[in-house]
Amino acid sequence: MAEASGNENHQYLTFKLDEEVFALGIDKVREVLDYTSVTKVPQTPDFMRGVINLRGSVVPVVDMRLKFGMAKTERTVNTCIIIVEINLDGETTILGALADSVQEVLDLEPHQIEPAPKIGTKLRTEFIRGMGKRDEQFIILLDIDRVFSGEELAAVQKAAPD
């Protein structure tokens, strides 16, 4: 049996895209913002909705539904932007992830998490950390560091000059 370290993260922020529930490790989430106007940046990938001003910093905003092959996120009273930290090659990038709604912060113990399925999901499974189970509901646990390729993040970073 694997030894559980005391600093193991078991807290996840859950959010909805369409009818699916996804989760991010709370250690990757900086904050959650109400939807605000996003400035479109020309010549960026479709899933890149634009940039926002976050306390003087330019932060790119990505439509997670488009990234995962779903229909574009429509603005509702619950639409929000989850500000996340992504690590790629030792660099930290701040990104806004557009979601239909944020649900809750959830504690999931290792026994409540199963490996990602090999088939039967619309997502490429390399960025699914696992499938959380709570009651009868499955929660797709994302590895946000693997959701975007290096090229995609380079395009996003170019859109948001330092």
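Brief remarks on what is shown
- Test: residue in segment 1-14 that is among the charged types (D, E, K, R) and either at pLDDT 90 or above or within 11 Å of the chain's Cα centre (by Cα) (or both): no
- Test: ARG134 is of a type in the set (Lys, Arg) and open to solvent by less than 90 Å² (accessible area, probe 1.4 Å): yes
- Among the residues of segment 70-98, those identified as open to solvent by 30 Å² or more (accessible area, probe 1.4 Å), more than 15 Å from LYS28 (Cβ to Cβ) and either under 14 Å from the mean Cα position of the chain (by Cα) or at pLDDT 90 or above (or both) are MET70, ALA71, LYS72, GLU74, ARG75, THR76, VAL77, ASN78.
- The single condition among (1) modelled with pLDDT under 85; (2) open to solvent by 80 Å² or more (accessible area, probe 1.4 Å); (3) over 15 Å from the mean Cα position of the chain (by Cα) that ASP107 does not satisfy is (1).
- Of the residues making up segment 118-138, those that are modelled with pLDDT under 80 and either β-branched (Val, Ile, Thr) or within 19 Å of MET64 (Cβ to Cβ) (or both) are ILE119, THR121, LYS122, LEU123, ARG124, THR125, GLU126.
- Residue satisfying all of: in segment 12-48; in contact with a helix residue (DSSP H, G or I) (Cβ under 8 Å, 6 or more places away or on another chain) and of a type in the set (D, E, K, R); surrounded by the most Cβ atoms within 10 Å (Cβ to Cβ) among these: LYS28
The values are calculated or read from the model by the stated rules, or taken from the named source; none is laboratory data. What you see is a predicted model, and the numbers here were worked out from it, not measured in a lab. Quick reminder, even Gly has a Cβ in these numbers, built from the backbone with ideal geometry, and neighbours come from all protein chains shown. We work out accessible area using only protein heavy atoms, side chains counted, and drop any ligands, DNA or RNA first. Shrake-Rupley method; radii C 1.70, N 1.55, O 1.52, S 1.80 Å.
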